[in-house]
Ligand code: SF4
């Protein structure tokens, strides 16, 4: 499991109470808790994406999905969460991690228009957490993922970000990962 070498963070409390300023997460969690159901994009590209980018222990992600969703039967759910969502099967199911910054969430939903965070920026105090987490994830896993042909374009963009900004991205991402104060 090369990709998850440092993925041992606790699942944030807001997966259980929806207490976060992140509008997309708040709605996806509340919807999941209220209905024991959520749209595929909410499961994969909001909740799974955030857990992967913030380096949550994949076993905790498995347990949350299995506990929350009414259609979560273990033999179906585990390949989806551990494989597709958390890329924790050494790439057996997915050929690349399902990760995105805020731009994809903004494209696929209307969450960002009423969020306290700015989906367009990376390092400001009100920048969307997905943005610093996304680029930080690519940096952390550069050695393995940069060789993946499907990731080449993202690494060419990352490489064009000035080194000083990459340092600030890392600092903001690590603050988010360690405090989950978002
Ligand atoms: S700005 Fe970021 S946190 Fe807020 S809704 Fe958009 S993607 Fe989610």
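The values are calculated or read from the model by the stated rules, or taken from the named source; none is laboratory data. Predicted, not measured: the structure shown is a model, and the values here were computed from it. Counting neighbours? That spans all protein chains shown, and the Cβs are built from the backbone with ideal geometry, glycine included.
Got a number for residues in the range 5-29 being out of contact with any strand residue (DSSP E or B) (no Cβ under 8 Å at 6 or more places or on another chain), modelled with pLDDT of 95 or more and outside any helix (DSSP H, G or I)?
Going residue by residue through the range 5-29, those that are out of contact with any strand residue (DSSP E or B) (no Cβ under 8 Å at 6 or more places or on another chain) are 5-6, 8, 13-29.
Now restrict to residues that are modelled with pLDDT of 95 or more: 13-29.
Among the residues that remain, those that are also outside any helix (DSSP H, G or I) are: 13, 18-22.
Residues meeting the conditions: 6.
List the number of the failed condition for residue 58; all other conditions in (1) more than 14 Å from the ligand (Cβ to nearest atom); (2) farther than 18 Å from residue 79 by Cβ; (3) buried (at least 18 other Cβ atoms within 10 Å of the Cβ) hold.
If we test residue 58 against (1) more than 14 Å from the ligand (Cβ to nearest atom); (2) farther than 18 Å from residue 79 by Cβ; (3) buried (at least 18 other Cβ atoms within 10 Å of the Cβ), just (2) comes out false.
Looking only at residues that are in contact with a helix residue (DSSP H, G or I) (Cβ under 8 Å, 6 or more places away or on another chain) and part of a helix (DSSP H, G or I) in the range 153-167, which one is nearest to residue 99 (Cα to Cα)? Explain how you work it out, then say what you get.
Our first condition is that a residue be in contact with a helix residue (DSSP H, G or I) (Cβ under 8 Å, 6 or more places away or on another chain); within the range 153-167, this holds for 154-155, 158, 161, 166.
From what's left, part of a helix (DSSP H, G or I): 154-155, 158, 166.
Working: 154: 11, 155: 13, 158: 14, 166: 18 Å.
Out of the qualifying residues, it is 154.
Going by what's in this entry, would residue 69 be described as within 15 Å of residue 44 (Cα to Cα), near the ligand (Cβ under 10 Å from one of its atoms) and surrounded by fewer than 19 Cβ atoms within 10 Å (Cβ to Cβ)? Break it down into steps so the answer makes sense when it comes.
Values: within 15 Å of residue 44 (Cα to Cα): yes; near the ligand (Cβ under 10 Å from one of its atoms): no; surrounded by fewer than 19 Cβ atoms within 10 Å (Cβ to Cβ): yes.
No.
Taking the residues in the range 107-134 that are part of a helix (DSSP H, G or I) and farther than 20 Å from residue 85 by Cβ as candidates, determine which candidate is nearest to the chain's Cα centre (by Cα).
Initially, the range 107-134 is screened for residues part of a helix (DSSP H, G or I), giving 107-108, 112-114, 129-134.
Next, only the ones that are farther than 20 Å from residue 85 by Cβ stay: 112-114, 132.
Details: 112: 16, 113: 19, 114: 20, 132: 11 Å.
The extreme case among them is 132.
Restricting attention to the range 94-105, does a residue exist that is part of a loop (DSSP other than H, G, I, E, B) and modelled with pLDDT under 80?
First pass over the range 94-105, keeping only residues part of a loop (DSSP other than H, G, I, E, B): 94-101.
Those still in the list that are modelled with pLDDT under 80 too: 94-95.
Yes: the range 94-105 contains one or more residues that are part of a loop (DSSP other than H, G, I, E, B) and modelled with pLDDT under 80.
Among the residues of the range 92-109, is any within 13 Å of the ligand (Cβ to nearest atom), within 18 Å of residue 7 (Cα to Cα) and touching a residue at least 40 places away in the same chain (Cβ under 8 Å)?
In the first step, residues of the range 92-109 are kept if they are within 13 Å of the ligand (Cβ to nearest atom); the result is 99-109.
Now drop any that are not within 18 Å of residue 7 (Cα to Cα), which leaves 99-100.
Filter again for touching a residue at least 40 places away in the same chain (Cβ under 8 Å), leaving 99-100.
Among the residues of the range 92-109, at least one is within 13 Å of the ligand (Cβ to nearest atom), within 18 Å of residue 7 (Cα to Cα) and touching a residue at least 40 places away in the same chain (Cβ under 8 Å), which makes the answer yes.
Name the residue, out of 64, 75, 135, that is modelled with pLDDT of 85 or more, more than 14 Å from residue 7 (Cβ to Cβ) and more than 16 Å from the ligand (Cβ to nearest atom). Working first, answer last.
On the way: 75 fails: modelled with pLDDT of 85 or more; 135 fails: more than 16 Å from the ligand (Cβ to nearest atom).
Going through 64, 75, 135 in turn, just one is modelled with pLDDT of 85 or more, more than 14 Å from residue 7 (Cβ to Cβ) and more than 16 Å from the ligand (Cβ to nearest atom): 64.
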